[in-house]
Structures are given as structure tokens and as C-alpha cells.
1. Per residue, how much accessible surface does segment 690-828 expose to a 1.4 Å probe? Answer in Å², no decimals.
2. VAL488's amide H: which non-local residues (gap 5+, or another chain) put their own amide H closer than 5 Å, with H modeled 1.01 Å from N in plane and none for Pro or chain starts?
3. Mind putting a number on the dipole of segment 16-153 about its Cα centre? Charges go on the C-beta only, +1 for Lys and Arg and -1 for Asp and Glu, and I need it in Debye to the nearest 20.
4. Hey, can you find the accessible area per residue of segment 288-391 for me, probe 1.4 Å, expressed in square angstrom?
5. Using a 1.4 Å probe, what is the accessible area per residue for segment 529-652, in Å²?
6. Quick one: go through segment 324-355 and flag any residue whose amide nitrogen is under 11 Å from the point 7 Å out along the Cα-to-Cβ line of ASP274.
7. Pairs LYS95/LYS237; LYS195/LYS237; LYS377/LYS604: which exceed 29 Å Cα-Cα?
8. For the chain, which whole-number percentage of the solvent-accessible area (1.4 Å probe, protein heavy atoms only) is attributable to carbon and sulfur atoms?
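The values are calculated or read from the model by the stated rules, or taken from the named source; none is laboratory data. Given the structure is predicted, the values throughout are model-derived calculations rather than measurements. Here the Cβ positions follow ideal geometry from the backbone for every residue, glycine too, while neighbour counts run over all protein chains shown. These accessible areas exclude ligands, DNA and RNA; they are computed on the full protein's heavy atoms, side chains included. Shrake-Rupley method; radii C 1.70, N 1.55, O 1.52, S 1.80 Å.
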Amino acid sequence: MAEVVPKTPGVSSQDAAQRKSIFDKFRRWGYLAATLDPLGFFSPPPHPELEGPGELDSEARRIYCQTIGADFMHVADSERRKWIIQRMEIPPGAKPDRERILDRLIRAELFEQTLQARFVGTKRYSIEGLAVLIPLLDRIVEASSASGVEQLVLAMSHRGRLNAMVHMVGRPPAEIFADFEDVDPRSVLGGGDVKYHVGATGEYRTPGGRSVDIHLVSNPSHLEAVDPVAMGRARSKQARIGQPGRQHVLPVTIHGDAAFAGQGIWAETLNMGDLSAYAVGGTIHIIANNLIGFTTPPREFQSSLFASDLGKRQSVPIFHVNGEDPDAVVRVGEIAADYRTRFASDVVIDLIGFRRHGHSEVDDPTITQPLLYARIKDHPPLWQIYARKTGFNPAANLVQIRKEFQDAFDTATKVTQHPVHHQLPAYWEPYERGCYDAKYEVDTGVDSTQLGVVTAALTRYPEGFSVHPKVKKLLEQRSEMGRGARPVDFGMAEALAFGTLLLEGIPVRLSGQDTRRGTFNQRHAALIDSQSEAQYVPLEHLAPDQAQVEIYDSPLSEASVLGFEYGYSRDYPEALVAWEAQFGDFSNGAQVIIDQFISAAEDKWDLPSGVVLLLPHGYEGQGPEHSSARMERFLQLAAEDNLQICQPSTAAQYFHLLRRQALRRWRKPLIVFTPKSMLRRPESISPLADFSRERFFNVVPEREIEPARRIVVCTGKIGHELRTERKRRGDADTAIVFIDQLYPFPESELAAEFARHSQAREIVWVQEEPANMGALFYVLPRIRDIAGDLPLRSVKRSASASPATGSPKAHELEQRALLSLAFATAGS
């Protein structure tokens, strides 16, 4: 590395080499000897390479071993290392605004003390011990706004959240106090969330007079689950702006030390930072490091010296800083902001302080950490320490700020409704949430001429482009499908849905593991030149004025990728945004995102989303891990019209379902149990004419037999197998009805279908899944309500601890038994 420390004239080359050698040691290891813990408990062991005496050692130690520990020599890019060296070794030009820093510290701590005095024994997750987080955020926003940032997406867990709402997002303190008063509980019966989970939006005015919109992302107690959601939100906001979006939208995430070191979704999210499908131009990560978990000390929740060491997985610089040196903290904030601007890279700030109270204010921390909390008990607030250091007399400030909070408290006692801390952006105005209404329905059919236009573009590629022979054959077949010369399969139906939406100005984004080709070789969204491996995406070349399409292969992650796409959908309601699991079972790995955000966000936080989950589902004899998308779990989560849960039985149904999701102004997450063998099963393909009909059928009626003496009701692949079995038996008495939308349950449509078969003597529910899985528990009481006095029985696999057998032969035996029992006479 080139020497960047200013050279003294007349210094020999030997002295210069010695100087470089000494400084390089401190650049690499100096952070290990820095004074980082305000309470003095955290004392890293001495490093042998830093033990030498002399003036140069003292100079290097002054730079690298004080209250800032710069950990950056693992960064692979030499230009980035040189940049950090210059910022560390050349004194900053401007002095910190100490009067402003003191004001921020006083406000942060007095806010917490007001809450403590007024609401004794109530959880608030105080920032005391790390009150310097507020001046740090203040400096990050100021420095970033000077570089063009206009919006900041802020993600954080509980600690300090209420403080950040007031002092960064700009929500009035009276709103927060009113939350503690818990006014009008009837207004949130069965919904809402605790005050330290909800999000907030506001405008922040920097000292320089610039305005920055701040979006504090709602977050549950799954502390790091918000990380990919915030990244997805930032990416979608950037996409709305266009090319300069990454310069204008900054994501900042605040982590706890135990969560940063321990939660896997954070590691998954960090990996996404430099991937083209998910990059946001760098995220500033702040570890609000209390050096303690709930009651767990660092030595028991992290195996490395620093909680931040996970950041070394990638070329991400880490700045450790003592939380009781506010000047150093704001300097690090400025360096981090400038680094992100300069290199479009993540950067980590390890802000080390302590936690003045227990994990929450109802805990007694002296039970588990008596020595630590004996020292904390007598430790003065940071604003007092800083006032003494800087020589400011804060008396007037204290009086004014105390009065402001008292006035805010008086206002809060008069509030009669729960405050709303966030406002949906203007681009949500055309869209609806809440319960379903039939008025939201729209026609989704497309005429054959337009389908032909899309088909021509989908099957076209550049001259000289070497397409693999198998893919070339597929394109030829798709060309025939789009002209009506061959029935349309699921892969082509999806491509037609995407293509027609793009031509109608609706963006499409899809990501997942091996999604571009498709796990089952069904999509081929990107054509690969067999000679050069160059890629061509036909959906990107439909028309000059088409909407944007993004189809990406994701990293081998479920939770972070689904969280990202959910976040993206939150700020791009116009787009069709989807995540595809490689197999439906793999959604297990994203269960926190599904439970805490997708199914519950509207009820908890009044935050809608139209994200789509594509989950391959179907019993094909492939064993326990590749059969079930766990339909029962989604149905158990369904209430208050919070989800749409569908299993399209034909290619045309899939086409209309995707278009309905994008064209209907009702925005709800859509869970789609997509097929595997049905991708090519002859019974599930559709004539081109079906793509021009009006809309998706929630219930697919029986078309061949009327009236029937037995009505078999089912969903998905088993229905086609039942129809094949019916034909083999020559059965003319059994109607087979598909429920393609399980939730909201299509009661009226199913009742109408039952009425068509008034001579039926029994109804049979048939499913592939075991009795304790699938839709059985959900549909049976609903069918019984519609069926009235008609006998109702069910056919299914026996209840099982595992979703499916691992034996293909056993699977075939079970499947034949299901089909036989479905046609057996009741009581036989």
C-alpha cells in the first residue's frame, strides 16, 4: 500500500520505511487497543505487534488506539483502504457543532426520564447509556443530505425506537405519550401493536436547512427480520426515482449487539448487499452495542471479540467507537456517510456503550449483572459528562426542554384516539385495503391479437444468438401456443401474463432460487447463448415504452429474499412483485417474514402489500421435503381478508390470477400453490380462447356431468387425477369440482355449484395431504354449512408427523387408495 502519511522533508528512505511499517501495524491492529468501553469492563488483550516504544508508535497510537477503533484492513480494495487511512490520519477540517450535540444529548435523555417518571413500570426500551445514537444519526443525515440523500429508510428494533421517533422522524412527543395513555382501546380491539414496534414517517430538517424524509420501518420482536424488509423498501424507492435513486435514498439499520452476532437473517441480508438484484448503493449499519443481551454477557452470545465481526465476511469497514466520546461518534458518522456515498458500499459502526436499565424497565438487571449495574448506578448521564468536557452551561436548555416535554404530556392526556405515526405515500392512494368487496373485480382477459403480439416477442431472439436446441424447441412450441395451434401450458401462461402486464405499463419483479430458468425447467425467462453464455431476456424487449421487468436468481436464502421482496412491494404497489420458492416447503425458512409481516402487517400497522408467493406444491413421490407447501399453515393464518390463498388448476387460471393481482386495486398478499407435474400435465393445459374470457374462477365447475349423484370437491393436482380415474371407471355420476381460491372462501360460488347438482346424495372432500395437513380442517366446516343435510365425508392420507413418504412405490400405493376411496359408495 502506498504511504499516505505526510512525509517530513529530509527524512531518509530508511526512516520512511520504518514509519510505514509502524503505521501499517496500527492500521491493521490498532482497533484492538482502542479505549472503547465507557465503563471499562471491555478490555481487549494487548496485541504483541503494538508493544514497541517510540515517537512514531505514539503518533500512530494517538490516531488508531483512542476512542475510535478502525477495523478496515480486511477490505480487499486498496483504494478504499487508502481513503479510510486519509480520513483517519488527516485531522478533520471542521470542528463538531458541540452545542448542537449537547442539545441532542439532553433531549434524548430527558425524554426517557419523562417517560420513566410518568409511566413507572412500563416498558419503553430506553436509549439511556447510548443517548449518543441521536447525535450520530443527526450527523449521518446531515452528511448524507449534503451528498444528495432526500429519503432515509430507518430500521431498528425496540431500544431507542421511541426516542428516534421524536428526535429523528419528527413525531410530536405528545403522540408518544398518548400511546402510553392507551386511549380508546376499542379502536384497536384485535389489532394494532405495542408502541415500540410501530413505524413512523416524518420530515427531518438538517442543521444546514435541507429536508430529508425519514421512514422508520415497522418491526416485530424478531429483531433482525426487518433488515431485508428495509433494503427492499429502499430498493423500490430508488426504482421509483430511476437512475439516480441510490444517491437519493439511504437505508440505515440499527442492530442490537446480541442480535447482530446471533441472528442468521442478518448474515443472509449482508450477503445481498453487493448482488445486482438487491443492491441499494450501500447500507449504514449501526450496532447499538450495550455489551449485553437480555441478561446474557457477550462472552456467552458471540464467539469472537466483537459482535461486529460478522461484517468481516465481506469487504465492509467497521468503525468501533466509544459511546461516551460524542465528538468521536459524530466524526465516525460523517466518515461512514461519506464512505457510503463514495463507494456505494455497506459500512458498520459499532457504537459501544451500556444499558442503564434492564432489558426493559420492568426487569431488575442486578440479579444477573450485579457488578456491572453497581457501576452504572453511579455513572452520570452523558450530557453531564459532555457539558463538563466542553464547558457549556446547559441550565437554560434543561429548563426549556423539560417544559416542552411537560407541555407535550399535558397535551397527551387530552388525546381521545390512538395516534397514527405514519402516513402512506401518495402512490398508495389509488389502492384499497381492508375487507374484500366485489366492486374491486376487473376483467383480466386479453384478446388473441394482443396475445399474438406478446408471443412473437417472447419467442424472438437476436440474429446470430445460439439458442440451446432444447430451448429452441420449447420456443417453437410456445409460438404455436400463442397462435392457438397448441394448448397453452403453465410456463407460457405465466409469460403471457407477465408480457401483457408489461405492455399495460405494470412493472414485474420476480426473484427466487434458480428462478430465471425455473426449478422445473419451465420458465426460461433468460435465454443463454450456448457459445458465449450471453443472456437475452425476451420480456425486456416487448416494446420501447413497456414497463420494467426484473427476473433474478436469488442467493440460497428464503428469509432474507422474501423479506426483501415484501419490502419492495410495500413501496411499489403498482408492480407485480413475486418471490418463488424452489419447492413450496422451503417457505419454512421464511416463516418469520410470513408470520410477522405478510400475514399480519395490515392488522398490526395498517401497512398493505400485494406481494406474491409462488410455492410449488403437489405429491409426486419426491419425499417429505418436496411435496407440501404447508397449505395448512397459510390457512391457519387467514383471517379478516388478510391474504389470498389460491391453487390454480389450469394454465389459464394461473394467467388470470396473476393479472387479477396486478390489475385489481385491492392490495393483499397472494399465496399461490403452483404445480410441478401439472406444468406439463395434459389435463391442466388450456386452449388459447380461455385467456380471453373475463376473469379467474374461484370455483371451477364440473363441465361434463350434470346432474351428478356424488360431488367430489378438491383443489390442485388430485382433481386431474380424479378426472382421469373417473374416465377409466366410466363413472357418469360423480361431479369433480375444483376450489381454486381457498381464501377468502368462495361460499356463494360453491353453493351455486352444489345447487346445479340437486340430485346429489353425498359430498366428498378429497386431498393428497395427510389428515392433519392440507385444507381439510379449514374447508370441511365451510362445506358442511353449504351442504346442509347432505352427507359429507373426506378422503385423505392418515394423519402423519411427516408431510409425505420417502418411497415412490409407497406413494403410488397411497395415491391409488385415495382415488379408489373417492369413488367408493358411502359406507362401503
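1. Heavy-atom accessible area per residue stands at 45 Å².
2. SER686, LEU688
3. 100 debye
4. Accessible area per residue, segment 288-391: 39 Å².
5. Counting only protein heavy atoms, the per-residue value for segment 529-652 is 30 Å².
6. 345-346
7. Table pairs above 29 Å Cα-Cα are LYS95/LYS237; LYS377/LYS604.
8. 50 percent
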